[in-house]
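Beneath this line is the structure, given in structure tokens, with notes to follow.
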Amino acid sequence: MKRAILTTLLVVCPALPVLAANLEFSAGGEAEYDDNVFRSQSKKEDDVLFRLRPGLRVYEDHGDDLNFSAGYQAPVEFSVHNSHELDDVDHVGDGNFSYHPNQRFDVFGLENYGYLRSTLRQPDVNTQAQALNPGTLEFTDQRDRVKTNDATLGMNYHFSPRTVGRVIAGSEFFDSSRQDRARVWSVSGSADAQYKLTLKHQLGAGAGYSYQDFGDRLDIPGSQTQTYRVFGSWRWAISQTLTFDLTSGPAYLETQQAHADRQRIATRFPFSVLPAANVSGFFDKNGNQLSGPIGSGSLLLSSLDSTTGTNCGLVGGIPVASLCNGNIIIDSNTDPATVSAVKGDTLPITNRNPSGQSDRNFNWFVDLTLSQRWSPTLASALRYTRQQGDASGVGGTVIVDAVSLSNTWDFADRWQFALRGDFARRESAFDINQTYDIVSGQTLPGGSAVDIAGRTGTAFNSTRNVQIDTNSYGVAGRITHQLFKTTSIYVQARYTKQDSRSNSLGADSDFENFLATFGVHHIFEPIPLW
């Protein structure tokens, strides 16, 4: 973690030995009401949190050729009711620089690092509408720890007053402490040229490539996706206050999923309710699904047995007939001695079909922004994007359709109102395989004929219900008052909802949440360093 923060700061370290630089300290505090503090779908728990935001920044923003900024914040969070789970320190680092050696050529770079909870990764509602932040709603991590690190390095070259060429390289990293999230790393590059056709119209064209690597996650082997794309762009200054920007073009995506282990050792565990990630249905000896999948925390009511053809009911989670294929479920009222008889036992599992998937397809990517300045104090921006995404490591490459609408209004001296709405739809770009264990009714030592549905020692890979199909919604409003030149207070309200198609990946992370926040932020007088 410290190494990643150091990497962030090193982005601008070469810029430090210049003629001038300032050291700036900042401090902030927030009080927040959260009506679903653990982002649970079924059992909401509210809480009040207090957050301190100390920070520092080294910057130069008036350089002739070189400007830079490197900052670090350590948000400290305290909970009223859930101190043991939530009291902790987050870490946020960012850096950027721009270098202009001459009138034709400039280089720029930026990096953002976070070691934090998912609730701090929402789009910034206070973003100026004329420069709408492309960030969209994230899959919830239920306040588990995540690491993120995004970096961009690029350069512009002005071939003439009307023609500009640009090259950009970037990388993104995501890692969560959750077992049902994969570590994701991606690298990308693009090159394009822009030509100013008239005072109102600018045209461009370019090409890009990206490589996306998903690590292994619970029951889903990792995969790699390569994307090749070409695009055209058009900027139209419709009027002095209205601007239209469009970048669009086809993309070719190719993915390859790794094979699962042919053999592994699994542990027998009894459950009073279904575990979220082990199995999601009843299967016969040939790996055919016999009924619909089951969500986390559910008990299957019945299933058709593949051997006898009879209906096998589950009463309190216990099969009533032997040889019924079922999940690892045990009645919550079972005698503790019986539960103890299986807990900790191990079983070798052989996967009869461990192969991963490989696939390819064509898609179309779009980035469209319409910006309107209604008056010197009121501006709006509408943005639609269709791009490749990682869905916070849920399970393979996704296609994200996202719409954002942002408005900022300086309605009085030192007062600003910001309103933002977001919608994002994520769908899997490819089929991927998940490993399912085949289970059947089993007898426990000293138990009755059938006490538990347990692993049989075989498994298979299947693409059934291994898709991401999730909609995310969010709306937030914020009022900010500039008390003094360097001190501001704000009140913010945010509503967020995530809704997935039943039994698809991500469904066990669905939630609905309301946040109300009051905060204050102060920047101390800068200290000249040299």
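A short reminder: the numbers here are calculations on the coordinates, not readings from a lab. All values derive from a computational prediction rather than experimental measurement. Heads up, the Cβs are rebuilt from the backbone with ideal geometry, glycines too, and the neighbour counts pull from every protein chain shown.
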What does the charge count around D216 come to, taking other residues whose C-beta lies under 10 Å from its C-beta (Lys +1, Arg +1, Asp -1, Glu -1)?
0
Can you work out the FRET efficiency for the pair R360 and A27, with r the C-beta to C-beta distance and R0 = 56 Å, to the nearest 0.05?
0.60
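Sorted by packing (mean other beta-carbon atoms within 10 Å per residue), highest first, where do 190-197, 109-116, 381-388 land?
On the way: 190-197: 15.8, 109-116: 21.0, 381-388: 19.1.
So the order, starting with the most tightly packed, is 109-116, 381-388, 190-197.
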Take the alpha carbon atoms of the range 149-194, find their center, do the same for the range 59-115, and report the distance between the two centers in whole angstrom.
17
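Applying a 10 Å radius around every beta-carbon, put 523-530, 20-27 in order of their mean neighbour count, most first.
On the way: 523-530: 11.4, 20-27: 15.5.
Ranked from most to least packed, the peptides come out as 20-27, 523-530.
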Peptides 259-265, 31-37: what's the order by average Cβ count within 10 Å, highest mean first?
31-37, 259-265
